[in-house]
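K.L.:
Please see the structure below; I have some questions.
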Amino acid sequence: MAQQTIDAVREAERKADQAERDAAQQAEEILWKAHADAERTTAQITSEADKLAQDSLEAARAQGERYAAKAAQEAEQEIAALRALAQKREKEAIACVIAELVG
């Protein structure tokens with residue numbers, strides 16, 4: 001009976017040692033997988049952030065081009081209006097000078 005108890009204790013100790021080794025191995029595997037997952041997640045988030053930044057940059061560039069085109073168009077319209085006004089005033093000035101010379 002005493003031998004059976006000793007054998008049972010030794011078997012329990014052997015199983016406990018094996019369970020501890022298995023747990024340590026599982027913990028190592030879990031840590032490795034967590035590390036790999038973290039790297040993949042970091043890469044994915046970085047990629048998505050880069051894509052969002054590129055999209056924002058493109059949108060800003062397109063908006064800047066639209067603003068520049070609109071400003072150029074408005075400037076051309078203002079130039080045309082000033083030229084028309086200058087031609088009108090030139091005719092008025094010529095008429096004034098002729099009226100002074102004749103008058």
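Only the coordinates and a few stated rules stand behind these numbers; no lab work does. On a predicted model such as this, the values are computed, not experimentally measured, just so you know. Quick reminder, even Gly has a Cβ in these numbers, built from the backbone with ideal geometry, and neighbours come from all protein chains shown.
K.L.:
How large is ³J(HN,Hα), in whole Hz, for each residue of region 11-26 in order, when computed from phi with the Karplus curve 6.51 cos²θ - 1.76 cosθ + 1.60 and θ = phi - 60°, using x for Gly and Pro?
P.N.:
Once rounded to whole Hz, the list reads 5, 5, 5, 4, 5, 5, 4, 5, 4, 5, 5, 4, 5, 5, 5, 4.
K.L.:
For residue 33, go through the lysines and keep the ones whose alpha-carbon is under 30 Å away, minus same-chain ones fewer than eight residues off.
P.N.:
By straight Cα distance, residue 33 reaches 15, 51.
K.L.:
Oh, and also: Please work out which option in [x] 107; [y] 92; [z] 82 gives volume of the Cα convex hull per residue in Å³ calculated from these coordinates, and answer with its label.
P.N.:
Comparing each candidate, only [z] matches the computed number.
K.L.:
Spin-label point model (7 Å from Cα, Cβ direction): what's the residue 11 to residue 88 distance in nm?
P.N.:
About 11.3 nm separates the two model spin labels.
K.L.:
Could I ask something else about it? Each label point is 7 Å from the Cα along the Cα-to-Cβ direction; what then is the distance between the points at residue 56 and residue 26, in nm?
P.N.:
In this crude spin-label approximation the distance works out to 4.4 nm.
K.L.:
If each residue of separation counts as 0.36 nm, what is the full-extension length gain between residue 77 and residue 40 once their alpha-carbon separation is subtracted? Write down the numbers at each step before the final one.
P.N.:
On the way: separation 37, 0.36 × 37 = 13.32 nm, distance 5.52 nm.
That works out to 7.8 nm of additional length.
K.L.:
Return the sequence-ordered ³J(HN,Hα) values of region 75-90 in whole Hz as given by the Karplus equation 6.51 cos²θ - 1.76 cosθ + 1.60 applied to θ = phi - 60°, using x for Gly and Pro.
P.N.:
Values, residue by residue: 5, 4, 5, 5, 4, 5, 5, 5, 5, 4, 5, 5, 5, 5, 5, 5 Hz.
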